[in-house]
Each structure stands twice: as structure tokens, then as C-alpha cells.
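Novice: Can you keep this structure in mind? I'll have questions shortly.
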Amino acid sequence: MSDRSPEPISMGYSDSDEETACEDSGSEPEEDTVYEHSDGGSDEELGGRPLRDYYDSPTLPDRTFVTSVRQISQAEQDELRRDLVYAVPYIWKRVPDEFLREAVVELYNKKHNEGYFWSPPESDIAQSSPDGDVCSKEDLEALAESKRRLNDLKYLEEEYERIKAFLKAHPGPGKSMKPWSLESPPDPPPVISLPPIPAPFRTVDRNYSYGWPVSDAWLRIFRAAANDQQLFQWSSPRQGVNTLRELSGCDWPYLTGGVHPYAPTGEGEDGPEITLMHICNTSSVLRYHGFRPTEEQFEWLKGLFHREPQWYRSTLCKEEWDYVRESNGFLW
């Protein structure tokens with residue numbers, strides 16, 4: 001990282017905000033220290049949530065977490081902020097100030113502590129239903145049918161014609177975006193709100209992703225329709241993803257695997273696995289807050305997929321998710 005500029009990068013907030021809060025309360029600012037926490041966590045909080053909500057496992061050794069930017073040296077804060085800017089060039093214009101602080105703390109903990117997993121606010125998670133948070137056999141069969149249909153030749157032929165007509169009428173928000181520079185990024189429009197995360201998120205060791213079921217075949221016919229090519233013009237699914245990003249103007253749709261959000265959690269019992277085009281997930285501050293599309297982009301995506309998105313449970317445990325993320329060179 002020696003090739004990066006040594007100057008601190010403003011992220012839309014300053015540490016003086018927290019200093020001022022201490023002055024107003026009559027207390028002294030904390031020293032740059034870290035706290036030792038046992039398996040069960042403690043009353044120290046990050047983003048208003050106890051650490052035990054983030055990590056609570058009796059099978060692994062104690063972890064050391066920081067819970068505030070005040071516990072991180074200024075030099076390392078500057079380095080972490082530079083990393084954030086390189087990850088999302090105009091993050092400070094997309095994420096509220098309190099989540100920027102949380103993003104710095106999260107990145108510090110991910111770099112220095114194994115077993116650290118971020119979690120969305122408790123208020124964003126649905127309450128358990130009176131009948132229990134389970135899905136029926138019919139729910140799993142419907143998901144399996146959706147997966148089958150996305151690879152059915154007749155359905156794909158119909159989708160090809162539908163997508164061509166849709167793109168003719170709605171070329172996509174990305175077509176009207178004006179160029180901008182990192183030195184003076186525009187103020188982005190408000191991003192979407194998300195429905196509550198399914199209640200099982202509290203008890204399963206999985207992230208949840210918000211998006212639409214797709215298939216490799218669907219992505220190929222989408223790209224063919226977008227480029228006015230023949231239905232069976234060869235292309236890779238990755239090219240379909242890139243075309244989707246270009247037309248939507250949304251840089252962060254990703255492919256991942258998912259199962260029904262309320263599927264059973266026993267070994268081999270979670271039902272059919274589907275491929276998802278997801279636009280945000282619960283794995284980090286940025287993927288939950290910073291990667292959401294704008295309202296215009298979201299409405300276009302719903303028209304393209306011809307259905308509402310929903311939450312799906314990841315097929316990977318949180319540790320596996322982080323391993324895949326790091327193996328692909330992603331901070332988040």
C-alpha cells in the first residue's frame with residue numbers, strides 16, 4: 001500500500017464528532033485501546049448492538065474486537081478509509097455517517113480478528129411468526145419449479161421475446177447516466193429501503209441475499225436480447241452480468257447461491273439450491289448499506305426480471321463466505 005497517497009481521506013465525518021459527544025456528556029474520550037471479550041460477549045456495543053449478537057460460539061477461543069473508531073490509531077484509520085475509498089469510490093456519498101464509522105470498525109476487525117462477522121441492526125430483522133419460521137413442502141416444490149423453468153427451452157424463447165420488447169421500451173437507467181470523476185462525484189439519488197430480513201437470520205450461521213433467481217441460460221438469452229443477437233448466440237453468463245450492470249447503471253449485482261429463506265437447517269434438508277442475481281446482502285456494512293440500487297434502477301430491474309425480489313438464505317456458512325470473498329480479492 002506504499003504507492004497510495006499518505007494524506008488522510010475525508011469520509012464525510014471526523015473523529016471530532018465523537019470527541020464532541022464526549023465533551024457534551026462531560027466524559028473523557030477513550031484511549032486508543034482494544035477490549036478483550038469472552039465467548040459470551042459483553043455490554044460494549046457496535047452500532048447499538050451487543051458484541052454477543054455478532055459472535056457467540058463456545059467452540060472457539062476468545063476474540064479481541066474494537067467497538068469504536070476511537071479505539072483505532074489515527075494512522076490506521078486513515079489507511080482503512082483509503083481502503084474503503086478504493087473499494088467504493090464514492091462510499092461517503094452513499095452511506096450515512098454512523099455506518100461509515102461502523103465500516104471502518106468492521107474492516108479493522110476483519111483484518112485483525114478471525115471469527116468477526118458483521119450483523120445488520122436488530123430492528124431490520126423480522127419478528128418470528130406465531131406458527132414458527134418454517135416453509136412447507138409446497139414452498140420448496142415451487143422453488144424447484146422456478147429453477148426448472150429458468151432452464152426450460154420454451155420458457156427461455158418466450159423470455160427472449162419479452163426482454164427484447166422490454167429493453168426497446170426501457171433501455172435502462174445506465175444509458176442516461178452522465179460521466180463523472182472521482183474528484184467530484186455527484187450526489188446519488190436516494191437508494192431503496194429493504195423489507196425485513198427473515199427471522200431465522202438470528203439463529204442460522206448464514207448470510208441472507210436480496211435478489212432474483214436466474215440461470216446461466218437466462219443470462220445468455222438476456223445478453224442476446226440486449227445486443228439484438230440471435231437467441232442461441234453463444235456468450236458466457238459473466239457477459240450477461242456485465243451487460244446487466246451496464247444497462248441498469250448499478251455496479252454491484254452479483255451471482256451467488258441461495259435456498260429458500262425459511263428452509264430447514266438440517267444437513268441435506270435445505271431444499272433446492274438456486275442461482276441468484278443479488279443486489280445486497282447481510283455480510284457487511286457496504287454490501288448491506290452501500291450497494292443498494294437507486295429507486296430508478298430498482299424499478300428497471302423489477303421490470304426486467306418480471307417479479308419482485310426477495311431474501312434468500314446463502315448456501316455458505318459465514319466463515320466460508322468470508323473465505324470466498326478474500327480468495328477473490330474483495331475487501332467486502
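The values are calculated or read from the model by the stated rules, or taken from the named source; none is laboratory data. Owing to the predicted nature of the structure, the values given are computational and were not obtained by experimental measurement. FYI the Cβ positions are ideal-geometry reconstructions off the backbone, even for glycines, and counts take in every protein chain you see. Just the protein is used for accessible areas: all its heavy atoms, side chains included, with ligands, DNA and RNA removed. Shrake-Rupley method; radii C 1.70, N 1.55, O 1.52, S 1.80 Å.
Novice: Would you grab the residues whose amide H sits under 5 Å from the one on Asp133? Only those 5+ places off in sequence or on another chain, please, with H modelled 1.01 Å from N.
Specialist: Amide H to amide H, under 5 Å and 5 or more residues apart or across chains, Asp133 pairs with nothing.
Novice: If we sort 204-211, 280-287 on the protection proxy, mean other Cβ atoms within 10 Å, highest first, what's the order?
Specialist: The packing order, highest mean first, is 280-287, 204-211.
Novice: May I ask you to derive the FRET efficiency for Asp205 and Glu141 from their Cβ-Cβ distance with R0 = 25 Å, giving the value to the nearest 0.05?
Specialist: Efficiency, from the Cβ-Cβ distance: 0.45.
Novice: Now for a separate question. Hey, can you grab everything whose amide H is under 5 Å from the amide H of Gly249? Only 5+ residues off in sequence or another chain; H modelled, so Pro and N-termini drop out.
Specialist: For Gly249, whose amide H was placed from the backbone, the distant partners under 5 Å are Gly174.
Novice: Please give the contour-minus-distance gain from Val134 to Gln229: 0.36 nm per residue of separation, less the Cα-Cα distance, rounded to one decimal in nm.
Specialist: 29.9 nm
Novice: Could I ask something else about it? If I model a spin label at Lys302 and His170 as a point 7 Å from the Cα along the Cα→Cβ vector, what separation in nanometres do I get?
Specialist: 0.9 nm
Novice: Rounded to the nearest 10 Å², what accessible area does Lys147 show when all protein chains are kept and the probe is 1.4 Å?
Specialist: 90 Å²
Novice: Taking the mean number of other Cβ atoms within 10 Å as a proxy for protection, how do you rank 217-227, 150-160 from highest to lowest?
Specialist: In decreasing order of mean packing, 217-227, 150-160 become 217-227, 150-160.
Novice: Further, regarding this structure: Tally Lys and Arg at +1 and Asp and Glu at -1 over the other residues with C-beta under 9 Å from the C-beta of Trp252: what net charge comes out?
Specialist: +2
Novice: Moving on to the next point. Spin-label point model (7 Å from Cα, Cβ direction): what's the Arg162 to Ala126 distance in nm?
Specialist: Placing both labels 7 Å beyond Cα along the Cβ direction yields 2.4 nm.
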